[in-house]
Amino acid sequence: MSGNIKTFKRLGECNRCGQCCKILPRWKDLPDIVKALFRMYDPNAEIVLSKVTYGVCYFLRRESDKIYTCSLYGNPERPKFCFNFPNEPSQIEKIPQCGYQFKEE
């Protein structure tokens, strides 16, 4: 059975393109089960996702043409899902400019 499970190693680093902060769901659109899981394991997610407008995070700040930053970076209120993004290849399939890549192990 373990032969069917693919594992990946994340390589690279954030290049501050900001694209991951522009593809977020709105809290009110999430299924109740997803909300419940976030409340249990990542309670700060509700704060961030409640402020999403047109998929863009409220806390995203533009520094220059191609450089973005998170105003919650280094803050304990920053959600775990932001800190761990991306954690699988499918999350960056539509973000070719992302500084992260995945290598199958």
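Per the conditions (1) over 14 Å from the mean Cα position of the chain (by Cα); (2) surrounded by fewer than 11 Cβ atoms within 10 Å (Cβ to Cβ); (3) touching a residue at least 12 places away in the same chain (Cβ under 8 Å), the sole criterion not satisfied by Pro31 is (3).
Checking every residue in the range 8-19 against the condition of being over 15 Å from the mean Cα position of the chain (by Cα) and over 28 Å from Lys103 (Cα atoms) gives zero matches.
Return the total of residues in the range 61-94 being within 12 Å of the chain's Cα centre (by Cα) and farther than 30 Å from Ile5 by Cα. Within the range 61-94, residues that are within 12 Å of the chain's Cα centre (by Cα) and farther than 30 Å from Ile5 by Cα number 2.
Table: residues versus (1) at pLDDT below 90; (2) surrounded by fewer than 10 Cβ atoms within 10 Å (Cβ to Cβ).
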residue	(1), (2)
Asp65	yes, yes
Thr69	no, no
Glu77	no, no
Phe81	no, no
Asn84	no, no
Glu88	no, no
Pro96	no, yes
Glu104	no, yes
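In this entry, Tyr100 passes the filter for residues that are of a type in the set (Ser, Thr, Tyr) and buried (at least 16 other Cβ atoms within 10 Å of the Cβ).
For Ile95, the conditions (1) without any contact (Cβ under 8 Å) to a residue 60 or more places away in the chain; (2) among the β-branched types (Val, Ile, Thr); (3) touching a helix residue (DSSP H, G or I) at 6+ places or on another chain (Cβ under 7 Å) are fulfilled apart from (1).
Please count how many residues of the range 40-79 are among the charged types (D, E, K, R) and within 19 Å of Asp29 (Cβ to Cβ).
If we filter the range 40-79 for residues that are among the charged types (D, E, K, R), which is where we start, we get 42, 46, 51, 61-63, 65-66, 77-78.
From the residues that got through so far, the ones that are within 19 Å of Asp29 (Cβ to Cβ) too are 42, 46, 51.
Counting residues in the range 40-79 that are among the charged types (D, E, K, R) and within 19 Å of Asp29 (Cβ to Cβ) gives 3.
Check the range 65-86 and report whether any residue there is of a type in the set (A, V, I, L, M, F, W, C) and free of Cβ contacts under 8 Å to residues at least 12 places away in the same chain.
There is at least one residue in the range 65-86 that is of a type in the set (A, V, I, L, M, F, W, C) and free of Cβ contacts under 8 Å to residues at least 12 places away in the same chain.
Going through (1) surrounded by 13 or more Cβ atoms within 10 Å (Cβ to Cβ); (2) over 26 Å from Thr7 (Cα atoms); (3) in contact with an Asp or Glu (Cβ under 8 Å, 6 or more places away or on another chain) one by one, Arg39 falls short only on (1).
The values are calculated or read from the model by the stated rules, or taken from the named source; none is laboratory data. Quantities reported herein were computed from a predicted structural model and do not represent experimental measurements. Backbone-built Cβ (ideal geometry, glycine too); neighbour counts: all protein chains shown.
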